[in-house]
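Trainee: I have a structure I would like to understand better, so I am pasting it below and will then ask my questions one at a time.
We did not get these values from a lab; they are worked out from the coordinates using the rules stated. Remember, predicted model here, so these are calculated numbers, not experimental data. Note that we place each Cβ from the backbone using ideal geometry, even for glycine, and neighbour counts take in every protein chain shown.
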Amino acid sequence: MSIEISNVGKRFGDFVALDDVSVNIPSGRLTALLGPSGGGKSTLLRIIAGLERADTGRVEIEGVDATGLPPQKRNVGFVFQHYAAFKHLSVRRNVAFGLEIRKRSKDDIRRRVDELLALVHLEQFGDRLPAQLSGGQRQRMALARALAVEPTVLLLDEPFGALDAKVRKELRDWLRRLHDEVHVTTVFVTHDQEEALEVADEIVVINEGRVEQIGSPDDLYDRPANEFVMRFLGPVTQLGDQLVRPHDLQLSTGAGDRAGVPGRVTRVTRVGFESRVGVITDDGQAVTVTLTRNELLALGTEVGDEVRIRLAPESPTTTSTTPAQSAPVSLTKKFASAGGANLTQTS
Amino acid sequence: MADRLTAARTPVGHRPGRYVLRTVVTAYLFFLVAWPLYLVGRNAFAGGSASFQDILTDPDVTHALQLTVVIAVVAVVINTVFGVGISILLVRYDFPGKRALNALLDMPLSVSPIVVGLALILVYGGRDGWFGPSLEAAGFQIIFAVPGMVMATVFVALPLVVREVVPVLQEVGDEQEQAARSLGANAWQTFRRITLPSIKWGVVYGVVLSLARSLGEFGAVKVVSGNVLGDTRTATLVVEEKYLNFDKGGAYATAFLLALVAVACIIVVSVLRPKEER
Amino acid sequence: MTTTTLVPDLPAGNRRPVRAGRPLTRVSGLGLGVAMVWFSLLVLIPLAAVVVTASEGGWDGFWRTVTNEQTAATIRLTVGTALLVTLVNIVMGTLIAWVLVRDRFFGKRALEVLIDVPFALPTIVAGLVLLSLYGPDSPLGVNIANTRIAVFLAFLFVTLPFIVRTVQPVLAELDQEAEEAAASLGASRFSTFRRIILPSLTPAIAAGAALSFARAVGEYGSLVLLSGNLPMRTEVASVRILSSIENDNPDSAAAVAVVLLAISLAVIVVLDVLQRRVMRRG
């Protein structure tokens with residue numbers, strides 16, 4: 001176990017940021033701290049880095065008790081959401097900073113900086129100032145700077161949060177490949193479940209200062225521990241008192257079919273390759289079913305058709321804490337008239 | 001920022017009103033500042049450079065000029081160290097009484113220089129000040145001596161560095177400092193390599209403004225100096241004394257030197273400032 | 001009741017709860033201690049000494065001193081002129097800030113420099129500067145030396161930068177779209193100014209006005225050569241304090257000083273409140 005966090009608590013005034021959190025983060029892997037904003041995941045990361053001090057509990061890094069250590073003694077690399085580039089220093093000097101502090105020889109520093117700039121593909125940009133780089137380049141520079149000191153662990157706080165969608169996706173793939181090359185224990189904070197599912201080996205879901213679930217992306221997606229994790233990791237819809245994924249539902253139109261919940265189609269919306277079918281059950285519950293385009297064509301269903309809804313076998317479900325109710329007519333209307341990709345929040 | 005906004009938006013208003021406002025403002029500043037300032041220069045050179053030769057060969061005046069520079073430099077150094085330190089404390093740390101301290105720091109800007117002098121005399125006066133007699137017994141004369149003049153000058157220029165540095169510190173935020181610490185830099189290394197370079201311009205403005213204010217302090221210094229000829233007399237006191245003694249040439253020449261330094265300070269700041277904002 | 005949900009409510013950024021600042025460390029605590037000792041020795045204790053000295057004669061003594069005919073006249077003149085000057089500054093300062101922010105013309109940079117001149121110019125030189133245009137040798141043929149107009153003019157000169165410099169940044173940051181929206185809704189230039197712009201500038205104008213008033217009330221240096229310091233006519237409070245000091249009468253000097261300090265303190269409180277309001281508006 002590389003980072004061992006036991007019973008850590010942290011308050012900011014009245015606000016409880018972390019409430020008795022214990023997590024073990026394994027060596028050499030890429031771990032995501034995932035959760036909504038204000039949930040405490042950034043605070044946890046900053047406590048690991050020593051930028052914030054825990055009120056209670058212990059932090060061990062590679063078997064060393066780091067609880068009381070200042071950040072400069074922890075040998076961690078930290079990458080900030082807004083890059084925290086040293087604006088008055090060139091890219092080279094930024095990357096060299098930690099090595100200069102450690103009083104490495106000039107030759108050593110030059111060699112290492114060259115290596116790192118090559119690793120992050122910024123070889124030609126060494127003499128520029130951070131202001132002359134794009135956001136993605138600045139973040140790669142920040143990553144090289146953090147890696148330069150050969151940290152025991154690399155910590156990234158929403159590293160791609162400030163970048164636009166396309167660059168974000170590129171950097172995400174690139175981080176994954178980089179990690180496969182460098183193998184340093186890496187923890188990154190994100191509120192984007194897609195990012196976590198795509199990049200991480202292991203995900204820690206944190207909400208309201210508590211750990212909701214720890215596991216591999218598959219574990220979390222297929223076996224969510226509770227309603228929160230289920231809802232947070234992907235779209236959900238409610239069938240009876242079960243929360244299910246809309247794409248785990250199947251529709252059938254056969255008149256002789258007795259299995260499944262009967263209902264009527266209220267709306268069909270196509271969004272790219274997938275189609276969302278709104279169904280109102282005979283009990284008055286509004287359910288969304290996601291089908292592929294081909295499935296929808298094969299089914300040939302239209303608004304007003306009688307259908308039956310069935311859950312695909314082996315699909316993850318959780319019991320909803322919100323009791324299932326009959327949808328009032330007005331709400332049904334509202335749903336039916338809502339715009340295409342417009343998905344309303346559950347109450 | 002301001003310039004960019006204006007550049008992007010001004011073409012909207014080609015109205016006569018604009019020229020009226022522009023003219024009113026220009027005229028106001030011309031009559032209140034520009035013309036009188038120009039006249040001081042003209043009066044100073046009324047007799048060619050004779051007035052300047054007179055004052056620059058007068059040992060009392062040259063001593064006063066030297067004393068002014070020494071006091072101003074010491075005061076600026078003290079205020080810079082204090083100002084940068086207190087700015088960092090105010091922006092980066094939490095402590096009880098922070099809000100009160102923040103408000104009190106502006107006090108010297110709104111206290112009459114005469115009251116400043118009086119306050120210092122009441123505490124450090126050699127005869128019946130609170131601490132004065134014991135300090136004098138120990139060999140430290142403050143009032144009617146250079147230390148008191150330095151204190152008076154420091155007092156009146158106290159908030160200038162803080163006021164320039166605090167907004168810059170807030171603006172740059174503490175992420176760069178945190179990054180430096182996570183890379184192994186200790187508190188001093190972080191300050192010298194990261195914080196100081198990023199607040200550099202704020203400090204420069206603060207120093208230049210303090211320097212202008214310190215060189216030109218008059219009232220507070222007058223009260224605590226005793227105005228002893230050739231000993232505790234500063235340049236501004238020379239201006240008063242020359243004028244009252246009907247040596248107008250000398251007064252204007254000395255005033256011109258002081259005005260020159262003041263205007264130079266402002267121009268330095270106004271030339272530097274936009275460069276850094278870009 | 002359930003429809004589909006993608007992700008629970010998420011604001012765009014992931015903001016941590018606001019961290020106002022770190023608690024003090026050993027080094028910073030020591031620094032604060034040293035700074036506070038210095039600040040106390042330089043500012044707090046001396047100002048306290050003024051208040052203590054003034055109160056030594058009791059309330060009656062204090063009241064007698066400040067209501068002494070000549071002293072009361074200086075306070076009336078000082079406060080009255082300072083108020084008048086502040087009113088002029090509210091109009092002219094806002095106007096100057098407006099022109100500097102919204103207009104572009106040749107020589108604007110020079111005006112920018114002129115604004116700061118009164119701030120950097122030694123006050124005694126400021127007096128001499130005004131004397132050269134409005135004194136006995138005036139090329140304009142006006143001589144206001146040794147009159148109350150001289151006091152007004154000196155105050156006007158030394159307080160010039162305050163409102164301009166507080167209003168300018170607020171005006172520069174002002175969202176011009178709000179003005180354009182008002183115009184598109186049919187508001188005239190003037191009613192846009194009065195209803196949209198002025199309300200956003202008010203805190204900054206008030207803060208600048210407070211500073212300018214405080215500065216005027218305490219002014220000394222620029223008056224020395226200009227106003228003649230005639231008792232009952234052009235003598236201001238600071239001059240009165242100085243003559244009490246020179247006549248070795250620190251008690252009455254302290255009493256008048258306390259009146260000025262009370263004004264300064266009131267200004268600081270007003271400023272503190274206004275700054276918070278400006279900050280809230282962003």
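Trainee: Fewest Cβ neighbours within 10 Å first, please rank B:I88, A:I47 accordingly.
Mentor: Ordered from fewest to most neighbouring Cβ atoms within 10 Å, B:I88, A:I47 come out as B:I88, A:I47.
Trainee: Here's a follow-up. Rank-order C:247-255, B:130-138 by packing density, defined as the average count of other C-beta atoms within 10 Å over each peptide's residues, highest first.
Mentor: Per-residue Cβ counts within 10 Å, averaged per peptide and sorted highest first, yield C:247-255, B:130-138.
Trainee: Evaluate peptide C:214-221: per residue, the Cβ atoms of other protein chains within 10 Å of its Cβ; return the mean as an integer.
Mentor: 6
Trainee: Taking other Cβ within 10 Å of each residue's Cβ, how do C:I96, A:I5, C:I45 sort, fewest first?
Mentor: Taking fewest neighbouring Cβ atoms as first place, the list is C:I45, A:I5, C:I96.
Trainee: Among the aspartates and glutamates, which have Cα under 12 Å from the Cα of B:K200 when same-chain residues fewer than 8 positions away are ignored?
Mentor: By straight Cα distance, B:K200 reaches B:E164, B:E276.
Trainee: Still on this structure, please answer the following. Using Cα atoms only, what is the angle between the long axis of helix C:58-67 and the major principal axis of chain C, expressed in degrees (0 to 90) to the nearest 10?
Mentor: For C:58-67 against chain C, the angle is about 80 degrees.
Trainee: What order do you get for C:21-34, C:206-219 when each peptide is scored by the mean count of other beta carbon atoms within 10 Å, highest first?
Mentor: With the highest mean Cβ count within 10 Å placed first, the list reads C:206-219, C:21-34.
Trainee: So what's Rg/Rh here for region B:3-147, counting alpha carbon atoms and using the Kirkwood radius for Rh?
Mentor: So for region B:3-147, dividing Rg by the Kirkwood Rh gives 1.13.
Trainee: Right, next: Could you work out [θ]222 nm for chain B from helices alone, using -39500 (n - 2.57) per DSSP H run of at least four and dividing by all its residues? Round to the nearest 500 deg cm²/dmol.
Mentor: The helix-only estimate for chain B comes to -24000 deg cm²/dmol at 222 nm.
Trainee: First obtain the Kirkwood hydrodynamic radius of region B:44-97 from its Cα pairs, then insert it into the Stokes-Einstein equation at 4 °C and 1.567 mPa s, and state the resulting D in µm² per second as a whole number.
Mentor: Reported coefficient: 89 µm²/s.
Trainee: Follow-up. For a quick check, take a GNM of chain C with Cα springs below 10 Å and name the residue from C:F157, C:F119, C:F190 with the largest mean-square fluctuation.
Mentor: Judging by the Gaussian network model, the answer is C:F190.
Trainee: Something else: Normalise the Debye intensity by I(0) for region B:135-251, one equal point scatterer per Cα, no solvent, then take log10 at q = 0.14, 0.23 Å⁻¹ and round to two decimals.
Mentor: Results for region B:135-251 at q = 0.14, 0.23 Å⁻¹ read -0.74, -1.16.
Trainee: Related question: Report, largest value first, the span of the C-alpha coordinates of region C:144-251 along each principal axis, in whole Å.
Mentor: Sorted from largest, the Cα extents of region C:144-251 read 66, 29, 18 Å.
Trainee: So, one more: Between A:V79, A:V21, A:V271, find the one with the highest GNM mean-square fluctuation for chain A; connect C-alpha pairs within less than 10 Å.
Mentor: A:V271
Trainee: Sticking to Cα atoms, compute the Rg of region A:54-175 to one decimal and its Dmax as the biggest Cα-Cα distance, whole number, in Å.
Mentor: Over region A:54-175's Cα set, Rg and Dmax evaluate to 15.2, 46 Å.
Trainee: Still on this structure: Using only atoms on other chains, find how many Cβ atoms lie within 10 Å of each Cβ of peptide B:21-32 and report the average.
Mentor: For this peptide, the per-residue mean of nearby foreign Cβ atoms is 6.
Trainee: Would you mind ranking B:F82, B:F31 so that the residue whose beta carbon has the fewest other beta carbons within 10 Å leads the list?
Mentor: B:F31, B:F82
Trainee: Among the listed pairs A:K41/A:K73; B:K242/C:K108; A:K41/A:K166; A:K10/A:K106, which are separated by more than 30 Å between their Cα atoms?
Mentor: B:K242/C:K108; A:K10/A:K106
Trainee: Can you give the Rg to Rh ratio for chain B, taking only C-alpha atoms and Rh from Kirkwood?
Mentor: 1.04
Trainee: Quickly estimate the mean residue ellipticity at 222 nm for chain A, helices only: each DSSP H run with n ≥ 4 gives -39500 (n - 2.57), and the total goes over all residues, rounded to 500.
Mentor: Calculated mean residue ellipticity at 222 nm is -8500 deg cm²/dmol.
Trainee: Just report the Cα centroid separation between region A:293-312 and region C:112-141, whole Å.
Mentor: One Cα centre to the other: 88 Å.
Trainee: Continuing with this model, one more query. How long are the semi-axes of the equivalent ellipsoid of region A:1-123, taking √(5λ) for every eigenvalue λ of the Cα gyration tensor, in whole Å from largest down?
Mentor: 31, 16, 14
Trainee: Could I get the Rg over Rh figure for region B:61-124? Both from C-alpha atoms, Rh via Kirkwood, rounded to two places.
Mentor: Taking Rh as the inverse mean 1/r over Cα pairs, Rg/Rh reads 1.08.
Trainee: On to the next question. With the Cα gyration tensor of the protein assembly as shown in hand, give its eigenvalues times 5 under a square root as the equivalent ellipsoid semi-axes, listed largest first in whole angstrom.
Mentor: Equivalent-ellipsoid dimensions as semi-axes: 67, 33, 26 Å.
Trainee: Which peptide among A:31-37, B:140-146 comes first, and what is the full order, when sorted by highest mean count of other Cβ atoms within 10 Å?
Mentor: A:31-37, B:140-146
Trainee: Identify which of C:Q176, C:Q168, C:Q70 has the largest mean-square fluctuation in a Gaussian network model of chain C, with springs joining Cα atoms closer than 10 Å.
Mentor: Ranking C:Q176, C:Q168, C:Q70 by mean-square fluctuation puts C:Q176 first.
Trainee: What would the Debye equation give as log₁₀ I(q)/I(0) for region A:3-228 at q = 0.12 Å⁻¹, counting only Cα atoms as equal point scatterers?
Mentor: -0.64
Trainee: What are the principal axis extents of the Cα atoms in region C:94-207, in Å, biggest first?
Mentor: The Cα atoms of region C:94-207 stretch 55, 27, 26 Å along their principal axes.
Trainee: Averaged across the residues of C:46-58, what count of C-beta atoms belonging to other chains lies within 10 Å of each residue's C-beta?
Mentor: Counting Cβ atoms of other protein chains within 10 Å of each residue's Cβ and averaging gives 5.
Trainee: Still on this structure, I have one more. How far is the Cα center of region B:237-254 from the Cα center of region A:27-55, in Å?
Mentor: 69
Trainee: When the expected Rg is taken as 2.2 N^0.38 Å, what fraction or multiple of it is the alpha-carbon Rg of region B:185-260?
Mentor: Normalised by 2.2 N^0.38 Å, the Cα Rg of region B:185-260 equals 1.66.
Trainee: On to the next question. Computed over the Cα atoms of chain C, what is the convex hull's projected area averaged over all directions, in nm²?
Mentor: Here the figure is 25.9 nm², rounded to one decimal.
Trainee: Tally the DSSP beta bridges in the protein assembly as shown and give the antiparallel ones as a percent, rounded to 5.
Mentor: Expressed as a percentage, antiparallel bridges in the protein assembly as shown total about 70.
Trainee: Hey, got a sec? Which trypsin sites (Lys or Arg not before Pro) in region A:61-128 land in a DSSP loop and have at most 12 other Cβ atoms within 10 Å?
Mentor: Those that pass, being in a loop and sparsely packed, are A:K103.
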